[in-house]
Amino acid sequence: MQDAADGHVQNETRDNRSLVDNNTAQNLSSDDIEAMKRDGASGDTIVEALIANSSTFGKKTVFSQEKYKLKKQKKYAPKVLLRRPSTRSICETYFKKSPARIGFMRVDALSLLLSMANVGPYSDVLVVDMVGGLVVGAVAERLGGTGYVCSTYLGSSPSSIDIIRMYNLSSDMTSRIVQAPLGDLCSLQNSFNASSVLKDSIQAEGPEPNTVPVENTEPSIPQPVDTTVSDEKVQSSEIQPTNIDISEPTMDEQINQDDNSSLDCKGNDGSSIASKSLRAGKAPSPERMKYWNEHGFSSLIVAAPGHEVESFVADLLPLLSYSAPFAIYHQYLQPLAACMHSLQVSKTAIGLQISEPWLREYQVLPSRTHPHMQMNAFGGYILSGIRIHNGDACNGIQ
Amino acid sequence: MQDAADGHVQNETRDNRSLVDNNTAQNLSSDDIEAMKRDGASGDTIVEALIANSSTFGKKTVFSQEKYKLKKQKKYAPKVLLRRPSTRSICETYFKKSPARIGFMRVDALSLLLSMANVGPYSDVLVVDMVGGLVVGAVAERLGGTGYVCSTYLGSSPSSIDIIRMYNLSSDMTSRIVQAPLGDLCSLQNSFNASSVLKDSIQAEGPEPNTVPVENTEPSIPQPVDTTVSDEKVQSSEIQPTNIDISEPTMDEQINQDDNSSLDCKGNDGSSIASKSLRAGKAPSPERMKYWNEHGFSSLIVAAPGHEVESFVADLLPLLSYSAPFAIYHQYLQPLAACMHSLQVSKTAIGLQISEPWLREYQVLPSRTHPHMQMNAFGGYILSGIRIHNGDACNGIQ
Amino acid sequence: MMVPLNPSAKPTSQRRIAEGDTVVVYERHDAMRAVAVRAGGVLQNRFGVFRHDDWLGRPFGCKVYSTGGGGGGGRGGGKAGAGFVHLLAPTPELWTLVLSHRTQILYIADISLVVAYLELVPGCVVFESGTGSGSLTTSLARAVAPHGRVCTFDFHEQRATSAREDFERNGLSSLITVAVRDIQSEGFPEEQRGAADAVFLDLPQPWLAIPSAGITLKQDGVLCSFSPCIEQVQRACEAMRSCFTDIRTFEILLRTYEVREGALKGATDNEECNAGPLPQKRRRLLPPAKTLDGIQNSSSVMVRPCSTAKGHTGYLTFARLRVHGS
Amino acid sequence: MMVPLNPSAKPTSQRRIAEGDTVVVYERHDAMRAVAVRAGGVLQNRFGVFRHDDWLGRPFGCKVYSTGGGGGGGRGGGKAGAGFVHLLAPTPELWTLVLSHRTQILYIADISLVVAYLELVPGCVVFESGTGSGSLTTSLARAVAPHGRVCTFDFHEQRATSAREDFERNGLSSLITVAVRDIQSEGFPEEQRGAADAVFLDLPQPWLAIPSAGITLKQDGVLCSFSPCIEQVQRACEAMRSCFTDIRTFEILLRTYEVREGALKGATDNEECNAGPLPQKRRRLLPPAKTLDGIQNSSSVMVRPCSTAKGHTGYLTFARLRVHGS
């Protein structure tokens, strides 16, 4: 924003009473502008020419003048920002470009999910991610190479988590992302026999379902993230919540290659980052599965915005530690209400709350401060709560 | 608000770094305050004494000082405002004091209903009012003694419309309020035989169901409205949407008896205001019923926040003129969604929209402007639309 | 006639469209326009060509078809190839959606709050500045009709003339007076002292007009000032404090919801859930539909907020003229 | 330990409550408190008397009963007359609900947006002023753990001391440094120049601290300022414009919904609907239940927004330190 354009409304003597709305104020025709473009004129040059050729610009108020200028600048001289990817920028970009792909999850809703599920170092976070990997990536970023994010899925086919490729994850962080079918986790939970547990989980480890190659294999020299996704992969994201066009957004955020200083301290706390052919989404090791069976996951995030979540959650909740928090995202309110009601009745969770974040951005400028005129009116609903031990006998698990 | 308390935050030198939180700052005990009250000290006197006896008041910032003062004033010296009743003040008061009684209908939602249903002079407004008469009264106020508001109801027992007694309605305005069971209106609509029409409506006119005596019989000398309602009447409001306490609010808005000047021009445009034993909620005359059958009502408002509205609206819509707008209020979203969907499928209405008003109040004070910290987060949902002629043959009615 | 001044002027199921009527041609929720019906008149839109003569004598709310030529792309409709529209009776709400925008306009949420908080009822006299596109003016007229009056002022000559024409066409001339006047610098006319039950200001510097508004209002009358920016509100509130009481500032937004026949996927098939995964390569090559095994559908009407909405229109500050001696 | 600094420190289903642990005693959604477990300790609340000794060795998330005496009014529960509570493992979110309010605190919506927009990840160094009640501080610590650091400053000595004690008790001391310092007048310590990935300000006059925040941040680091009043935001933004870019101001609110097993009344009984009304006097005397004829009930889970909510907490302004040469 221009600091020069400080003109206070109250000191204005110009107003628009003499402006006649006849569309003849601009003497530069669109042909003229096209010609300038062909001659290679810069956007800024075109904006200046437009101002110079406007018969009414001088009569406009300072406020209107600036509005005019900004409008023309936006059209003819758009600015491009380069910035390293982060949960914030990735979520904002997807929300803007292909919101259906991420189930209309706005960045404030995603942030709330991470808080409500207490995601922090050494967490073992169970995740159902049917929003393309947005949540899995955000959790991995917060784990910073500690703990695990276990992405689980229904049936036999894992959900796509392609979006994790947009994150600037080190190999260390990527190695903390595992995938396991819900059936395997449940059967483990239901069996008291440790050997059957191991058998099941070893079987699961074989094929490495839906392993996603991570382009970014050398995090110490960050690469621009790959912005295109092959058709095959788009097709594989079969459990999309809605049927609208889910073309991949063009990420305008890219890694700022000249700015390693601030990256150094983050994400890869000095540990090994050497492995070259790193893959995200391996099956967890049998030992890990056994550990989770005994200790439970530290928290749960569900983002399945096209699904009934009630029965889902009934299967997932027993996989958590007692006292573990959970957060369930949805684009519709009614499925969360049904889920909340059944959790209340079953007495398996407390602290239940459905909340909806409401985010508003403001224009703060001298004499013209107000909320943005256009807003995203909806960022999703969240059901949060804490798993409890619902038995009266309280001396052991189960 | 005190104009004197203009102290700008940025010029402060005092802050609260030296305040120790030990609850010993106030030297006046609650016994002292009680004693002052017994001695008949005014609220303002007590507030001054509290300030004088606060060891920390002088060290507080101007902002904190004022906050302290306002808090104490609210507790010990509440102010009472006298004002003539209007839709605005009646709705605000009920919403604050017994929101369940009016189905949580906030004043902005009520205002929207009136706009969306195009309530104006000479309107014939069909109303389902299960919010105690709030809507019927508001429509009557807008009609100003022209047109009609026809309050209809399910089954054999009319809903209570006691709240209309809170409105400052002239006899002229009150005479425009009629009540008729939905069955009578529907049977009229279904019969092509004018004589059966008349028979039915005459039958309905007999007992004058639930006629509400209007206290305010001489509008040229406005009286304070009656603020208490007998137990019997509270009991009769049987179709309340929820079970919470529905005790009558004490209206602190009253008619300002010394201010007839501004009332003179309003509400009773010079027409006859002589009839003494005026009653609201009579049955409509047979002629009126016949007129409505032929011409249709000009619009519809439904406020049945404890009911399924889908089948309701299916019965009501045929009673409207073609092109007549309607607005349906509800405290739950799902019933409106179901209703909207069935209207879409039946092609009986267009311009369908579910909207929810979102109202926010601001504190505007020098250096401390912000939205109110506490808000009413919910004022209800509204489904609006326009009845259309859904036949392809378009030359006659039906 | 948008606001009927006698009972026979309102559109009922028996009142037919006649020459000279203004109808609102409804294509879609967000595609409407006002049309003055005249013999021989023609409306052309993406659904084809519509002859006004076909509309005469039909009731408001009816559905009319295009006459062959250019039809194409219609909205389904019974007759082969012909598009259709609905003809609606104009209301202040529809007018707000079809009027020509000469300025930023107020929409239904702000308008209905203004009418309620100004406590307008039939018979009131209300002053407005500026007139702008006349969106609010029309609703003010309905609120004070049949015997009240709206006096509206705009400093922009062309705008005032256009508004006057609109009001004329909509049959509101007897309720609304439009004058060209710069209320910020000249104030409301002196001779109107104490004439107004309510005053509405939509001005860039409302504080300049507030003293004059105070003079023009009756005792206990209500003032409203609409401003998009908070700085305008701050200065307006400051200007109000000397003569006005009960100063309250609001903001109102309208959230809209979208409804669809929904089908959430279920997750109840536990046997499938327990089966081991098939080799990953093969799965990838299956078409999406085939991989949805183990998922049941449940169907119902689903509703959720629309994604985009007006995030801000402006702040509404209401204040009551202080009664002498109170 | 609220934020585990090694895998074994986290509360799992096999980790049992031990002496010295802090547990959150949950009575209701809006009634919780933090309790440090010690041998022989006793908790008394409206549900009765609870002996800490009964808690030792049980898993977090368990339900514990009061020991007879004073029980009464319990929440149902199996054992006759005994009340119960749940013992939860503390998290930053629960801590925000149980901490002692020494100042106005930030709640989960603002906190989670701050952490996301400051782009905090493990290893970051973040500066905060003032510490206040330590509500945000705890979440900042979780975000930068295990190897990052939170440096928090408050000019109020007693407050800093209390916060330090809280962090100590919650096992956060190795992540958080609390210092007594008036950041508005003194700025952040000179020797920390360029040390911070992010700076958070919650100060009455944030503009005074913004130049110092710029010096303390790394290039491209993110600043956030929280203020309840718009005037503070306006001055802060003005102060940011010289050294910061990408200045954006947000407000975040949380709307909560209530769920109940609902029963809307239907309106399908048309025969009843067509019957003439009974005499009105008699109807009035019938008890409410008897007059509900003609009305059917349909049952489902109903959900609607809660009536009251926080209407405003504050504005969050984020800005990025301009990189030299950009």
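Overview of results
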{"item": "Using θ = phi - 60° and Karplus 6.51 cos²θ - 1.76 cosθ + 1.60, couplings along segment C:108-125 (whole Hz; Gly, Pro as x)", "result": "4, 5, 5, 4, 5, 5, 4, 4, 5, 7, 6, 6, 6, 9, x, x, 6, 10"}
{"item": "Average beta carbon contacts from partner chains per residue of A:118-129, 10 Å cutoff", "result": "5"}
{"item": "Out-of-range pairs (alpha-carbon distance over 23 Å; input B:LYS67/D:LYS310; A:LYS71/C:LYS310; D:LYS265/D:LYS310; C:LYS265/C:LYS310)", "result": "D:LYS265/D:LYS310; C:LYS265/C:LYS310"}
{"item": "Prolate/oblate/rounded call for segment C:123-223, Cα gyration tensor, a/c under 1.5 rounded", "result": "oblate"}
{"item": "Fully extended contour minus Cα-Cα distance, from D:SER173 to D:ALA39, at 0.36 nm per residue", "result": "45.8 nm"}
{"item": "Pairwise centroid distance, computed over Cα atoms, of segment B:300-376 with segment C:8-58, Å", "result": "28"}
{"item": "Rounded percent of accessible protein surface that carbon and sulfur make up, segment A:309-391, 1.4 Å probe", "result": "53"}
{"item": "Exposure of D:ARG51 as accessible area (Å², to 10), given a probe of 1.4 Å and all protein chains", "result": "110"}
{"item": "Residues of segment B:147-168 buried by at least 10 Å² on assembly (accessible area, 1.4 Å probe, chain alone as reference)", "result": "B:LEU154, B:GLY155, B:SER156, B:SER157"}
{"item": "For segment D:221-241 versus segment D:127-165, the gap between their alpha-carbon centres in whole angstrom", "result": "20"}
{"item": "Normalised alpha carbon radius of gyration of segment B:133-191 [divisor 2.2 N^0.38 Å]", "result": "1.18"}
{"item": "A:ASP129, A:ASP32, ranked by accessible area, largest first (probe 1.4 Å)", "result": "A:ASP32, A:ASP129"}
{"item": "Exposure ranking of D:GLU119, A:GLU294 by accessible area [1.4 Å probe, largest first]", "result": "A:GLU294, D:GLU119"}
{"item": "Chains D and A together, accessible area buried on both sides, 1.4 angstrom probe, square angstrom", "result": "6600"}
{"item": "Label point 7 Å beyond Cα of D:HIS29 along Cβ direction - residues of segment A:370-390 with amide nitrogen under 17 Å", "result": "A:381-388"}
{"item": "Exposure rank, largest accessible area first [B:TRP292, A:TRP358; 1.4 Å]", "result": "A:TRP358, B:TRP292"}
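The values are calculated or read from the model by the stated rules, or taken from the named source; none is laboratory data. Being a predicted model, the structure only gives us computed values, none of them experimental. Neighbour counts are summed over all protein chains in view; Cβ atoms, including those assigned to glycine, are modelled from backbone coordinates with ideal geometry. For the accessible areas, the whole protein counts, side chains as well, though only heavy atoms, and no ligand, DNA or RNA atoms are used. Shrake-Rupley method; radii C 1.70, N 1.55, O 1.52, S 1.80 Å.
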